[in-house]
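Everything on this sheet refers to the single structure shown next.
The values are calculated or read from the model by the stated rules, or taken from the named source; none is laboratory data. Here the structure is a predicted model, which is why all the values come from computation and not from measurement. Virtual Cβ from ideal backbone geometry, glycine too; neighbours counted across all protein chains shown.
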Amino acid sequence: MVLAFVVFFYSLGSLYDDRRDRSVLFWKSLPVSDVQTVLSKAAWALLLAPLIAIVIGVLVGLALWLIAIVGASIAGVPSPWALATHSHPFSLLWLLLKTVPMSLLWALPTVGWLMFCSAWATSKPFLWAVLFPLLACVMLSILSAMPGISLPIGWIWYIVGYRGLLSALPGTWSPRAVSGNLDSSAMQNPSDLVQWALQHTDSARVYGNPDIWIGAAIGVA
């Protein structure tokens, strides 16, 4: 969640703040084009921020892991190092790294829209990027409730609200069908959950979803 907030508000203010405090003049003084400047900011939001979050998460997890092992040793728990193997640290790390390109492609519509509003809005980019689209969805929902008017409200909210504004949330790239496939009775230990997560982040399953490619194309455009 912290990563999503950082990426969201960084993208929203990435170009607007440069124009407001005139730091855009600094960027223009460098031997780089405007396109390269925009791409560098997009790369930070889409690639560097998730990688930094993974590094921080791994360090925090390692610290907690060592604390748990030391605590188990002090308490006299037999084989405290078994905590290391049962927690499957390498599988979890591979799972996190595996999701980076998926999250990058999936977040493109949100990051692209926020950066567009950041570059275009003369003031209060949050209103243009978030409040106005949501208000339009609400008005269309009210209009659709009137007799004789039928609008694809579900798809409108999905495209505008979910894909347009919430795609930066980690894990939202997972296919919608996956949400109903989690059988809590089958999750007897952490390894079962890890295997389930690895199975449902299969590259063919995720990259075979046209939604991710359509959204990526729109985000790049």
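Here are the numbers:
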| item | result |
| --- | --- |
| Cβ-Cβ under 7 Å pairs, at least 6 apart or on other chains, the stretch 99-113 side closer than 13 Å to V206 by Cβ, far side of a type in the set (F, W, Y) | M102/W173; S103/W173; W106/W173 |
| Residue identified as within 20 Å of A42 (Cα to Cα) and modelled with pLDDT under 90 among A204, A186, A216, A177 | A216 |
| Hey, S123 not in a helix (DSSP H, G or I) and not hydrophobic (A, V, I, L, M, F, W, C) or not | yes |
| Of the criteria (1) modelled with pLDDT of 85 or more; (2) under 22 Å from D18 (Cα atoms), which one T37 fails | (1) |
| Filter result (hydroxyl-bearing (S, T, Y), under 20 Å from the mean Cα position of the chain (by Cα) and assigned to a helix (DSSP H, G or I)) within the stretch 131-175 | Y158, Y162 |
| Number of the condition not met by L66 [criteria: (1) within 20 Å of K41 (Cβ to Cβ); (2) assigned to a helix (DSSP H, G or I)] | (1) |
